Amino acid sequence: MTIMNFSAGLKAAAEQGIAVAQYYLGICYYNGEGVKQDFNEAFRWYKSAAEQGNADAQCRLGNCYKNGEGVQQDYNEAFRWYKAAAEQGNRTIMRPSAGIKLPLNREMQKLNAGWEIVIIMEKE
């Protein structure tokens, strides 16, 4: 099976609302694997999966908001999605030794409620 055939099958599953397929299709679009790289499409599929509770997609969606990839940069939304992922136990954003801190405004500090979210930067 080629990457193109794989991404076509993945898209069919994603369009049926399968969250894990939506998440992986988002990765395909983000990286340009089997499809033309498109941050807007990556964002769309991450968001669909994140709204269904997929913690990995929530983390990736937070990255999109943090970096302004496929969406206007919005630290408040980034924080909201990172927090949702962390509350489900996503360890990627909870390791303090490997990331950078979000600049917290007053509203984000209220949401933070005494714990720090650390963003893990992906290695390219």
**Fill in**
Going through region 69-91 in order, the residues found to be open to solvent by less than 30 Å² (accessible area, probe 1.4 Å) and over 13 Å from the mean Cα position of the chain (by Cα) are none
**Request:** Might you let me know whether region 46-62 holds any residue that is out of contact with any Lys or Arg (no Cβ under 6 Å at 6 or more places or on another chain), at pLDDT 90 or above, aromatic (Phe, Trp, Tyr) and open to solvent by less than 30 Å² (accessible area, probe 1.4 Å)?
**Result:** no
**Message:** Looking only at residues that are of a type in the set (Phe, Trp, Tyr) and open to solvent by 20 Å² or more (accessible area, probe 1.4 Å) in region 25-45, which one is nearest to residue 81 (Cα to Cα)?
**Reply:** 43
**Request:** Return the pairs, sorted by first residue and then second, in which the second residue is modelled with pLDDT of 95 or more and surrounded by fewer than 20 Cβ atoms within 10 Å (Cβ to Cβ), the first residue lies in region 58-75 and is over 22 Å from residue 88 (Cα atoms), the beta carbons are less than 7 Å apart, and the residues are 6+ apart or on different chains.
**Result:** 69/39; 70/39; 70/40
**Prompt:** What are the residue pairs meeting all of these: first residue in region 25-50, first residue at positive phi, second residue in a helix (DSSP H, G or I), Cβ atoms under 7 Å, and 6 or more apart or on different chains?
**Reply:** 34/3; 34/4; 34/6; 34/7; 34/28
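The values are calculated or read from the model by the stated rules, or taken from the named source; none is laboratory data. Everything quoted here is computed from the prediction, not taken from an experiment. Positions of Cβ are backbone-derived with ideal geometry, glycine not excepted, and every protein chain shown enters the neighbour counts. The accessibility values were calculated without ligands, DNA or RNA, using every heavy atom of the protein model including side chains. Shrake-Rupley method; radii C 1.70, N 1.55, O 1.52, S 1.80 Å.
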